Amino acid sequence: MPDAHYELPELAALYDIECGWSDDREFYRLLPGSPPKAVLELGCGTGLTARAMAGDGHDVTGVDPAQAMLDVGRQSPNGDRVRWEQGFAQHFRLDRRFDLAFMTGHAFQVLLTDDDVNAALDNIHRHLKPGGVFAFETRNPALPWERLFEDSEILASPDGDVPVDWRVHWRKGEFIRFNTHYQFTDGERISESTLRFLPLDRLSEMLIDRGFEIEHVYGNWDRTAFDPEHSAEIIFIARAKP
């Protein structure tokens, strides 16, 4: 189930401030090429990237399990140009197929079991046109994320500054558990998260087994090649076989 970060309206309202426009969003925005293309964003949240694509002229659908995030997206610029659907990557069902499906914001890492990953990949493949593209990123597990996640910042919201702290509880094998603490004037809100850090070889196997052909693996948003020791990201571009 979605954690509090996505379910509480006051945290959903902060999402675009906390996770605003960035190189990764621009990378995905350019993937469809010339409009109009049928595009599906999974784990879309408030749909910042989806809304930008819709503004570019693409036919965009956003799927997310958290109603609070979808509500923010609908009320945001270009929100009326996106189809919004509540659902999980493993289980959503739509009566159309897409040229491109993508997951950004490391949403793929909330798929915590092999069953979840395989169900999501099967479902995505089912919703792509033959030869359609699936793009997503996950963090390189070789980096010390249990240290890199420890951080703090102050979000400048319309209702005043909100101090935020990230605190890691543990790293066990492929998993990291951390909390995000938001200090509002009326009290603290805590978002609990667990992420899975799958290695490149295992992810490649899973994609191929579910009917995808891997076209590119990048290590950064400038499309440089993946470096197993130093790249922060593992960015996949995979094509659905007929």
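The values are calculated or read from the model by the stated rules, or taken from the named source; none is laboratory data. What you see is a predicted model, and the numbers here were worked out from it, not measured in a lab. In this analysis, Cβ positions are derived from the backbone assuming ideal geometry, glycine residues included, and neighbour counts consider all displayed protein chains. SASA here: full protein model, heavy atoms, side chains in, ligands and nucleic acids out. Shrake-Rupley method; radii C 1.70, N 1.55, O 1.52, S 1.80 Å.
Within segment 225-240, does at least one residue satisfy the condition of being open to solvent by 20 Å² or more (accessible area, probe 1.4 Å) and of a type in the set (Val, Ile, Thr)? Outline the logic, then answer.
Step one: filter segment 225-240 for residues open to solvent by 20 Å² or more (accessible area, probe 1.4 Å), giving 225-230, 232-233, 239.
Right, trim to of a type in the set (Val, Ile, Thr) and you get none.
No, there is no match, as no residue in segment 225-240 is open to solvent by 20 Å² or more (accessible area, probe 1.4 Å) and of a type in the set (Val, Ile, Thr).
Does segment 33-57 hold any residues that are of a type in the set (D, E, K, R) and either open to solvent by less than 10 Å² (accessible area, probe 1.4 Å) or closer than 17 Å to Glu7 by Cβ (or both), and which are they?
Residue satisfying the conditions is Glu41 alone.
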* Asked: How many residues does segment 190-214 contain that are under 24 Å from Ile124 (Cα atoms), open to solvent by 80 Å² or more (accessible area, probe 1.4 Å) and among the charged types (D, E, K, R)?
  -> 4
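Using the structure shown, decide if Lys172 is over 24 Å from Phe212 (Cβ atoms) and among the charged types (D, E, K, R).
When the stated conditions are applied, Lys172 passes them.
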* **Positions within segment 109-119 being touching a residue at least 40 places away in the same chain (Cβ under 8 Å) and surrounded by 14 or more Cβ atoms within 10 Å (Cβ to Cβ), in sequence order** => Gln109, Val110, Leu111, Val117, Asn118
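Across segment 95-107, what is the total count of residues that are surrounded by fewer than 18 Cβ atoms within 10 Å (Cβ to Cβ) and either part of a strand (DSSP E or B) or touching a residue at least 40 places away in the same chain (Cβ under 8 Å) (or both)? I'd like the intermediate steps shown before the answer.
Within segment 95-107, the subset surrounded by fewer than 18 Cβ atoms within 10 Å (Cβ to Cβ) is 95-97, 106.
Those still in the list that are either part of a strand (DSSP E or B) or touching a residue at least 40 places away in the same chain (Cβ under 8 Å) (or both) too: 96-97, 106.
Within segment 95-107, residues that are surrounded by fewer than 18 Cβ atoms within 10 Å (Cβ to Cβ) and either part of a strand (DSSP E or B) or touching a residue at least 40 places away in the same chain (Cβ under 8 Å) (or both) number 3.
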* Name the pairs whose Cβ atoms lie under 7 Å apart, with the first residue in segment 214-242 and in contact (Cβ under 8 Å) with a residue 60 or more places away in the chain, the second among the aromatic types (Phe, Trp, Tyr) and assigned to a loop (DSSP other than H, G, I, E, B), and 6 or more positions between them or separate chains? -> Gly219/Phe226; Ile234/Phe226
* Hand me the list of strands (runs of 3 or more DSSP E) wholly inside segment 142-204 holding 2 or more residues that are of a type outside the set (A, V, I, L, M) and over 23 Å from Leu8 (Cα atoms). => 160-172
* Structure fact -> Only one of (1) at positive phi; (2) surrounded by 15 or more Cβ atoms within 10 Å (Cβ to Cβ) does not apply to Gly187, and that is (2)
* Candidate set: segment 15-40, residues that are in a loop (DSSP other than H, G, I, E, B) and farther than 19 Å from Arg97 by Cα; chosen: the one modelled with the highest pLDDT -> Ser22
* Within segment 58-72, can one find any residue that is among the charged types (D, E, K, R), open to solvent by 60 Å² or more (accessible area, probe 1.4 Å), modelled with pLDDT of 95 or more and not in a helix (DSSP H, G or I)? -> no
